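A short worksheet on the structure shown next.
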Amino acid sequence: MLTSAVLDTADLQDQACALYRQVLGHGEPGMELNPRLLSALVRNAGSAVGLLEAGRLLAFAHGVHARDEHGEYHYSQSAAVAPGHQGRGLGRLLKQAQAEVVRAHGVRTMRWAYDPVLGRNAHFNLDVLGARARWYVDDFYFRPGTDRVVVEWNLEANPPPAQVAERLVVPAGEAGDAVRARVRARFHELLGAGLVGVTCGRGEDGGSVYGFAPPARGEAPPPERPTDRPEEQP
């Protein structure tokens, strides 16, 4: 039986750090997840939450409280699901558990980033959760080849159905420099026109197809740029 839990014990934090290395491949010096960071988040209005089965941590997410000129929001810095447990709906349950922690701190918006050519991640963020792709940041980690889309997730309401106005096709296969350059240019063009990414489905060739639409009524258009620099999400 799956249960959600705040990562407020040494054992759970150690399991989270091991899972982080296993799933995200960040085991080299300077890229590890620090248990003391998780402790600081738990004690200071951040999020450090996981899904457990028989005492084993199968998924976890962590993030920090933030504010910009548009108000308060939560950085969801990373999320990971153990290999062999994808397809069980753990990703959605994990984000819902994290959202409950965020709501308990009085925050109603979350943000995170993901690689724009990963259609499966885009589909989960936009179609499954209902987040909106609102910014595209070149060289997100200040290194070439690290472009990221930043999504925003309103925790107060489900978005209404959107009328897709423009599309972007990302072909199947390895995304080389030419594909990434075209994706970058098209995202800048469409977001710059005031649209937001609302969906990403599978294309005829096995690639992915983004759909963009005007912001919903009452939803502000994307600000010029985000202030956060979170880790990519699934």
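The values are calculated or read from the model by the stated rules, or taken from the named source; none is laboratory data. Note that the structure is a prediction, hence the values are computed from the model and not measured. Here the Cβ is made from the backbone with ideal geometry for all residues, glycine too, and neighbour counts use every protein chain on show. Side chains are part of the model used for accessible areas, which takes the heavy atoms of the whole protein and leaves out ligands, DNA and RNA. Shrake-Rupley method; radii C 1.70, N 1.55, O 1.52, S 1.80 Å.
Observations on the model:
- From Leu129, Leu118, Leu94, residue being under 17 Å from the mean Cα position of the chain (by Cα), hydrophobic (A, V, I, L, M, F, W, C) and over 19 Å from Tyr210 (Cβ atoms): Leu94
- Filter result for Phe124 (open to solvent by 20 Å² or more (accessible area, probe 1.4 Å) and within 11 Å of the chain's Cα centre (by Cα)): yes
- Residue, farthest from Gly91 (Cα to Cα), within segment 103-116, restricted to residues that are surrounded by 20 or more Cβ atoms within 10 Å (Cβ to Cβ) and not small (Gly, Ala, Ser): Val107
- Scanning segment 50-75 for residues that are in a strand (DSSP E or B) and of a type in the set (Asp, Glu) yields Glu53, Asp68, Glu72.
- Residue in segment 87-107 that is assigned to a strand (DSSP E or B) and out of contact with any His (no Cβ under 6 Å at 6 or more places or on another chain) present: no
- Residue list for segment 173-200, filter: open to solvent by less than 50 Å² (accessible area, probe 1.4 Å), touching a residue at least 24 places away in the same chain (Cβ under 8 Å) and outside any helix (DSSP H, G or I): Ala175, Gly194, Leu195, Val196, Gly197, Val198, Thr199, Cys200
- Scanning segment 19-38 for residues that are surrounded by fewer than 17 Cβ atoms within 10 Å (Cβ to Cβ) and at pLDDT below 95 yields Arg21, Gln22, Leu24, Gly25, His26, Gly27, Glu28, Pro29, Gly30, Met31, Glu32, Asn34.
- Here Tyr75 meets the list (1) modelled with pLDDT of 95 or more; (2) surrounded by 19 or more Cβ atoms within 10 Å (Cβ to Cβ) almost entirely, failing just condition (1).
- Residue check for Ala82: in contact with a helix residue (DSSP H, G or I) (Cβ under 9 Å, 6 or more places away or on another chain) and buried (at least 23 other Cβ atoms within 10 Å of the Cβ): no
- Segment 47-64 residues that are without any contact (Cβ under 8 Å) to a residue 24 or more places away in the chain, paired with ones that are not hydroxyl-bearing (Ser, Thr, Tyr) (beta carbon under 8 Å, 6 or more apart): Val64/Leu41; Val64/Gly46; Val64/His74; Val64/Gln77
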